[in-house]
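Visitor: One structure follows; several queries about it will come next.
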Amino acid sequence: MKSSLMPALVVQQGGLVELPNLYNLDGKKILLVIGDRSFEKWDRFDFFIKKIMSVAGSVSIERVGREPECEDVDSIALNRLYRDIDLVIGIGGGSVIDVAKAVSAMLIEQQEIVNFLEGIGSAVPSGRRLPLIAVPTTSGTGSEATANSVIKGVKDGEAFKRSLRHVNYIPDFVLIDSELLVRAPLAVTINSGLDAISQLVEAFTSTKANPTTDALALKGLSLVGEGFELCITNPESHCAREKMALAAFYSGYALANAGLGIVHGVAGHLGGIFPIPHGAACGILLYPVFREILQELAEPGLVEKFAQIGEAFAGRRIESRQEAVDCFLEYIKKVSGYLTLSRISDYCAVELDFEKISKGFSEKNSPVSLSQDCLSRIIHEIW
Ligand SMILES: [Fe+2]
């Protein structure tokens with residue numbers, strides 16, 4: 001399998017207003033995809049727009065205020081006004097970067113995105129897209145380093161959440177600017193951090209893991225140990241925010257190349273059925289799923305991997321491998337406790353069919369299979 005490439009990366013506090021010095025914007029017709037109004041309330045927003053307008057040919061702005069649906073992408077990509085755009089910049093959380101990524105491709109394809117979604121449409125993405133810059137303002141999905149956009153929609157009355165994917169869709173350039181990251185609200189910091197943690201753990205223990213994804217995932221897990229709780233207790237810490245942003249970036253590369261596991265298999269399924277934030281779903285599932293996986297774990301190589309995660313979280317060498325594995329489990333139990341809404345039912349107003357929920361998911365690349373009974377017990381436990 002072809003490994004995906006890494007985007008060019010710059011980590012620079014205050015880097016966004018310096019963007020014209022970091023990436024050639026001269027004369028470009030830029031489409032800026034941003035989130036809700038919070039970015040526009042940033043005290044340097046006007047200065048940033050003035051800076052890029054001083055070199056660009058034109059700057060247009062589109063806003064994304066929810067987890068992206070097909071129509072959000074189509075309304076931008078099929079807009080005649082944007083036919084001559086030659087650079088897309090996404091500044092925001094995973095949803096915004098997913099839309100920017102999808103728009104950069106669909107502005108070339110000029111078709112409805114649903115035709116290209118995995119398992120939904122029959123068209124194959126050509127891989128052609130406009131140049132793409134990603135500037136994450138949250139540390140979670142790692143979308144800035146992945147080859148896919150996750151898009152929601154409805155087909156034949158059934159809600160779905162599927163990917164637009166091509167190895168060429170990995171952004172060209174990623175800017176991590178802690179000036180933006182420190183503005184993330186607490187709930188977003190917690191949800192997105194738990195998403196990044198789930199991605200790193202699942203990619204590191206995936207059946208498709210390789211030495212490169214292992215190296216980056218383990219580095220990301222160490223950065224989580226150093227930075228995640230500090231982002232919660234000291235949200236103004238630029239150093240902690242940079243660490244979590246890098247952890248999320250590494251998680252994106254790792255998951256794009258090693259895949260994910262049961263937490264994401266179930267979280268993706270739940271997110272397609274009702275509006276639970278992706279990071280919250282991952283955070284709720286993380287501890288019970290891995291508690292059960294560890295019960296089934298027999299292969300010494302895998303036990304060693306969980307021990308290494310325990311050491312990465314603890315930030316120290318732990319002689320006893322069992323103690324190190326326990327550290328892993330204790331850490332994910334502790335950090336998922338930061339969720340204020342910690343049950344699935346907190347996000348879902350209607351009674352759902354448990355049978356349907358515990359059946360319609362993929363185990364992805366989990367190193368251990370969990371029985372249907374076990375999954376049903378977990379879903380009931382966290383409901
Ligand atoms: Fe995720």
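Read the figures in this text as sums done on the coordinates, not as results from a lab. Note that the structure is predicted; figures quoted are calculated from it, not measured. Virtual Cβ from ideal backbone geometry, glycine too; neighbours counted across all protein chains shown.
Visitor: Could you run the Karplus curve 6.51 cos²θ - 1.76 cosθ + 1.60 with θ = phi - 60° over region 315-331 and give me ³J(HN,Hα) per residue in whole Hz, x for Gly and Pro?
Guide: Result, ordered by residue: x, 7, 6, 10, 4, 6, 5, 5, 5, 5, 5, 4, 4, 4, 5, 5, 5 Hz.
Visitor: Label-point separation (nm) for V167 and E319, each offset 7 Å from Cα along Cα-to-Cβ?
Guide: 4.7
Visitor: Please turn the phi angles of region 211-222 into ³J(HN,Hα) values with the Karplus equation 6.51 cos²θ - 1.76 cosθ + 1.60 (θ = phi - 60°), one per residue in order, whole Hz, x for glycine and proline.
Guide: Values, residue by residue: x, 6, 5, 4, 4, 6, 5, 5, 4, x, 5, 5 Hz.
Visitor: Could you list F274, F313 in order of exposure, starting from the residue whose Cβ has the fewest other Cβ atoms within 10 Å?
Guide: Least to most surrounded, the residues fall as F274, F313.
Visitor: Would you mind computing Rg(Cα) / (2.2 N^0.38 Å) for region 214-335, counting N as its residues?
Guide: Scaled against compact globular proteins, the figure is 1.08.
Visitor: With a cap of 15 neighbouring Cβ atoms within 10 Å, and only residues DSSP puts in a loop, list the trypsin sites (Lys or Arg not before Pro) found in region 58-133.
Guide: Passing sites in region 58-133 are R66, R83, R128.
Visitor: Whose amide H sits under 5 Å from the amide H of G261, counting only residues 5 or more places off or on another chain, with H placed in the peptide plane?
Guide: N365
Visitor: Based on the mean of other beta carbon atoms within 10 Å per residue, what is the order of 105-112, 291-298, 242-249, most packed first?
Guide: Ranked by mean Cβ neighbours within 10 Å, highest first: 242-249, 105-112, 291-298.
Visitor: Can you tell me which of A267, A254, A123 moves the most in a GNM of the chain? Springs connect C-alpha atoms under 10 Å apart.
Guide: Evaluated over the chain, the most mobile residue of the options is A123.
Visitor: Something else about it: Given the -39500 (n - 2.57) contribution per DSSP H run of 4+ residues, what per-residue ellipticity at 222 nm results for the chain, rounded to the nearest 500 deg cm²/dmol?
Guide: After summing the helix terms and dividing by residue count, I get -15000 deg cm²/dmol.
Visitor: Let me ask you something else. Between helix 372-382 and the chain, what is the angle of the helix's C-alpha long axis to the longest principal axis, kept within 0 to 90° and rounded to the nearest 10?
Guide: 70
Visitor: Near G301, within a Cβ-to-Cβ distance under 13 Å, what is the net charge of the other residues, with Lys and Arg +1 and Asp and Glu -1?
Guide: Net local charge, G301 excluded: -1.
Visitor: Counting only residues 5 or more places away or on other chains, whose amide H sits under 5 Å from the amide H of K155 once H atoms are built in the peptide plane?
Guide: For K155, whose amide H was placed from the backbone, the distant partners under 5 Å are F160.
Visitor: With a 10 Å radius around each residue's Cβ, average the other Cβ atoms per peptide and rank 255-264, 333-342, highest first.
Guide: 255-264, 333-342
Visitor: In a shell of Cβ-Cβ distance under 13 Å around R317, excluding R317 itself, what net charge do Lys and Arg (+1) and Asp and Glu (-1) give?
Guide: With Lys, Arg at +1 and Asp, Glu at -1, the net is -1.
Visitor: Checking the a/c ratio against 1.5 first, then a/b against b/c, what shape does the Cα gyration tensor give for region 8-180?
Guide: In terms of gyration-tensor shape, prolate.
Visitor: My understanding is that a pair violates if its Cα-Cα distance is over 26 Å; which of K101/K333; K101/K243; K29/K161; K50/K219 do that in this structure?
Guide: K101/K333; K29/K161; K50/K219
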